[in-house]
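The values are calculated or read from the model by the stated rules, or taken from the named source; none is laboratory data. Bear in mind that the values here come from a model prediction, so they are computed numbers and not experimental data. Quick reminder, even Gly has a Cβ in these numbers, built from the backbone with ideal geometry, and neighbours come from all protein chains shown. Just so you know, the surface numbers come from the protein's heavy atoms only, side chains and all, with ligands and any DNA or RNA stripped out. Shrake-Rupley method; radii C 1.70, N 1.55, O 1.52, S 1.80 Å.
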Amino acid sequence: HVQLVESGGGLVQPGGSLRLSCAASGSAFSFVAMGWYRQAPGKQRELVATITSGGGTNYEDSVKGRFAISRDNAKNTAYLQMNSLKPEDTAVYFCNGRISYALGYKDYWGQGTQVTVSS
């Protein structure tokens with residue numbers, strides 16, 4: 001069993017910053033990729049950022065230059081530094097970890113952490 005737990009969400013004013021953390025626990029494993037996704041009320045869950053075990057990153061256009069994803073491979077932990085936050089960033093943010101198996105992949109998800117950007 002692999003468990004991912006997000007933390008670091010909260011209420012922040014526009015222009016402020018937050019750092020999200022995703023801590024993994026369970027049996028020994030490694031993620032070939034980790035990522036952050038978000039879901040706003042009435043919206044589909046969308047990609048925010050991903051990072052591979054080799055350090056390659058991908059960002060949703062609206063967060064480029066404002067958010068930065070990082071990971072600690074040894075700890076199977078991911079982070080999302082969010083700067084210059086906007087009200088439209090308000091959403092539940094979910095951590096994802098992907099494990100490669102012989103015949104495919106398996107994704108694991110955290111429970112989500114609320115990020116609210118408001119005055």
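Structure values in brief
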{"item": "Spans of strands (runs of 3 or more DSSP E) in region 1-89 with at least 1 residues within 30 Å of Ala102 (Cβ to Cβ) and aromatic (Phe, Trp, Tyr)", "result": "33-39, 77-82"}
{"item": "Residues of region 74-91 satisfying the condition of being without any contact (Cβ under 8 Å) to a residue 60 or more places away in the chain and surrounded by 15 or more Cβ atoms within 10 Å (Cβ to Cβ)", "result": "Asn76, Thr77, Ala78, Asp89, Thr90, Ala91"}
{"item": "Single residue of Gly42, Gly110, Gly54, Gly26 found to be touching a residue at least 40 places away in the same chain (Cβ under 8 Å) and small (Gly, Ala, Ser)", "result": "Gly110"}
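Rundown of residues vs (1) open to solvent by 60 Å² or more (accessible area, probe 1.4 Å); (2) in contact with a Leu (Cβ under 8 Å, 6 or more places away or on another chain); (3) on the phi > 0 side of the Ramachandran plot, yes/no style:
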residue: Ala33; (1), (2), (3): no, no, no
residue: Gln39; (1), (2), (3): yes, no, no
residue: Gln44; (1), (2), (3): yes, no, no
residue: Gly55; (1), (2), (3): no, no, yes
residue: Asn58; (1), (2), (3): yes, yes, no
